[in-house]
1. Looking at (1) buried (at least 20 other Cβ atoms within 10 Å of the Cβ); (2) touching a residue at least 40 places away in the same chain (Cβ under 8 Å); (3) in a loop (DSSP other than H, G, I, E, B), which is the one condition that is false for residue 104?
2. Evaluate the following for residue 124: is it aliphatic (A, V, I, L, M) and either modelled with pLDDT of 95 or more or touching a strand residue (DSSP E or B) at 6+ places or on another chain (Cβ under 9 Å) (or both)?
3. Can you confirm whether the stretch 135-146 contains a residue that is of a type in the set (D, E, K, R), surrounded by fewer than 20 Cβ atoms within 10 Å (Cβ to Cβ) and in contact (Cβ under 8 Å) with a residue 40 or more places away in the chain?
4. Assigned to a loop (DSSP other than H, G, I, E, B), out of contact with any Lys or Arg (no Cβ under 8 Å at 6 or more places or on another chain) and buried (at least 19 other Cβ atoms within 10 Å of the Cβ), is that true of residue 126?
5. If you take the residues of the stretch 30-69 that are outside any strand (DSSP E or B) and small (Gly, Ala, Ser), which of them is surrounded by the most Cβ atoms within 10 Å (Cβ to Cβ)?
6. For the stretch 129-147, what are the residues that are assigned to a loop (DSSP other than H, G, I, E, B) and under 18 Å from the mean Cα position of the chain (by Cα)?
7. Read through the list (1) within 17 Å of the chain's Cα centre (by Cα); (2) surrounded by 17 or more Cβ atoms within 10 Å (Cβ to Cβ); (3) outside any strand (DSSP E or B), then give the number of the only condition that residue 160 fails.
8. So how many residues does the stretch 70-95 have that are surrounded by 15 or more Cβ atoms within 10 Å (Cβ to Cβ), assigned to a strand (DSSP E or B) and of a type outside the set (Gly, Ala, Ser)?
Amino acid sequence: MRQTKPLRPALVIGALLGMACVQAIAGSLAVTVLDANGSPLADAVVSIEVTGGKPTAPPGTQAEMGQRDRSFVPTLLVVQTGTAVSFPNFDTVRHHIYSFSSTKPFEIKLYSGTPAAPVVFDKAGTAILGCNIHDRMTAFIHVVNTAHFAITNKAGVAKLDVPAGDHTLQVWHLQMGDKQLPQREGLKVQAAGGTRVIRLGSTSKP
């Protein structure tokens, strides 16, 4: 009978660590956000602050919010704290964009093309943007202390991949503006993922 060679200790340890990592990884977590009347809420930001996760983005992380057809594109941008956001102007007219929100007050005066320096969003919260030249232009940049975030679709559903464990879930919507804090609550994620229903302004369903 052919004898099999015993696994070396290093290989055994490596295999066990690999199994532990697989068990720690959760499947897709689906979060449904409802309004006060129980209707699905689109364009809600769902973010999960993972226990032990880093609140700030890695150095060099960038995002973009442009201006096209005299509108901000996208009108809602979600970034992790520490992200540098550029504001390229794709229009043939100049824009003068600003934010008076406490999360990130800034101003880029009349310009075309792409400003030389991006704006670093170094504080969690919401910044509402406008244009001094075109009053109808409005946009939101929501800053979160986590790399795990998503925006709900028309059905009010956001899907995220997060590790199993006890974390903190946050939900924010455009209607809450830049003054109201996101709704926060504890979240226990199983290794198989799962679902969660959140009704803004009330206790969620497990």
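1. Here residue 104 clears every test but (2).
2. Yes: the conditions hold for residue 124.
3. Our first condition is that a residue be of a type in the set (D, E, K, R); within the stretch 135-146, this holds for 135-136.
Among the residues that remain, those that are also surrounded by fewer than 20 Cβ atoms within 10 Å (Cβ to Cβ) are: 135-136.
Keeping just the survivors that are in contact (Cβ under 8 Å) with a residue 40 or more places away in the chain gives 136.
Yes, the conditions are met somewhere in the stretch 135-146.
4. Working: assigned to a loop (DSSP other than H, G, I, E, B): no; out of contact with any Lys or Arg (no Cβ under 8 Å at 6 or more places or on another chain): yes; buried (at least 19 other Cβ atoms within 10 Å of the Cβ): yes.
Taking the combined requirement at face value, the residue does not satisfy it.
5. Within the stretch 30-69, the first condition is being outside any strand (DSSP E or B), and the residues that meet it are 35-39, 41-43, 50-55, 57-61, 65, 69.
Next cut, small (Gly, Ala, Ser) only: 36, 38-39, 42, 52-53, 57, 60.
Details: 36: 10, 38: 10, 39: 10, 42: 17, 52: 7, 53: 15, 57: 22, 60: 8.
Restricting to residues being outside any strand (DSSP E or B) and small (Gly, Ala, Ser), the top hit is 57.
6. 145, 146, 147, listed by residue number.
7. Here residue 160 meets the rest and fails (3).
8. 11
The values are calculated or read from the model by the stated rules, or taken from the named source; none is laboratory data. Keep in mind the model is a prediction, meaning the values are calculated, not measured. Heads up, the Cβs are rebuilt from the backbone with ideal geometry, glycines too, and the neighbour counts pull from every protein chain shown.
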